[in-house]
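Take a look at the structure below.
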Amino acid sequence: MASGGAEAYFAISIFLVMGLSAAMLWRYAQRPFSVVVALPVFASWTLGLLSTAALPYDVVRSSDGSDASLENMWYGIYWSTWLLSWVINPLIGMALSR
């Protein structure tokens, strides 16, 4: 896969992952749900699934001999997902359950 094809793959993957996250949220969310809860859950699902889509993109980029590292993207996805899943979403859940 050429570098241009890898970027197109990743761009399409972003939209597919966002669509899958929205569909899962619509299907499995308890009704009625608050936007305050839905947005962080959507973001955490999207970032978690995006890591699966980003792996082939990273492999292609590194195999092309490109020195451009995607290390910052991996750190961003990891720590954003961790914060949303283990800190922000539980705090919102506790605050709304009171």
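The values are calculated or read from the model by the stated rules, or taken from the named source; none is laboratory data. The model shown is predicted, which means the values in this text are computed figures rather than measured ones. No Cβ is skipped: glycine too gets one built from the backbone with ideal geometry, and neighbour counts run over all protein chains shown.
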Subject >> Residue ID - farthest from residue 8 (Cα to Cα), chosen from residues in segment 55-98 that are among the small types (Gly, Ala, Ser), surrounded by 13 or more Cβ atoms within 10 Å (Cβ to Cβ) and in contact with a helix residue (DSSP H, G or I) (Cβ under 8 Å, 6 or more places away or on another chain) >> reply: 85
Original post:
Only one of (1) more than 18 Å from the chain's Cα centre (by Cα); (2) buried (at least 17 other Cβ atoms within 10 Å of the Cβ) is not met by residue 4, so which one is it?
Top reply: (2)
**OP:** Go through segment 1-50 residue by residue and tally those that are in contact with a Phe, Trp or Tyr (Cβ under 9 Å, 6 or more places away or on another chain) and charged (D, E, K, R).
**Re:** 1
Original post:
Residues in segment 64-82: is at least one under 18 Å from the mean Cα position of the chain (by Cα), assigned to a loop (DSSP other than H, G, I, E, B) and hydrophobic (A, V, I, L, M, F, W, C)?
Top reply: yes
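Among the residues of segment 50-69, which ones are among the hydrophobic types (A, V, I, L, M, F, W, C) and more than 21 Å from residue 21 (Cβ to Cβ)?
From segment 50-69, those among the hydrophobic types (A, V, I, L, M, F, W, C) are 50, 53-55, 59-60, 68; that's our starting set.
Selection gives 59, 60, 68.
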**OP:** Give the number of residues within segment 27-54 that are of a type outside the set (D, E, K, R), exposed (fewer than 12 other Cβ atoms within 10 Å of the Cβ), more than 11 Å from the chain's Cα centre (by Cα) and assigned to a helix (DSSP H, G or I).
**Re:** 3
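For every residue, the table says whether it meets (1) of a type in the set (Phe, Trp, Tyr); (2) modelled with pLDDT of 90 or more.
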position: 41; (1), (2): no, yes
position: 46; (1), (2): no, yes
position: 66; (1), (2): no, no
position: 79; (1), (2): yes, yes
Original post:
Does any residue in segment 77-98 that is more than 18 Å from residue 17 (Cβ to Cβ) come within less than 6 Å, Cβ to Cβ, of a residue that is loosely packed, with under 11 Cβ neighbours inside 10 Å and modelled with pLDDT under 90 six or more places away or on a different chain, and which pairs are these?
Top reply: none
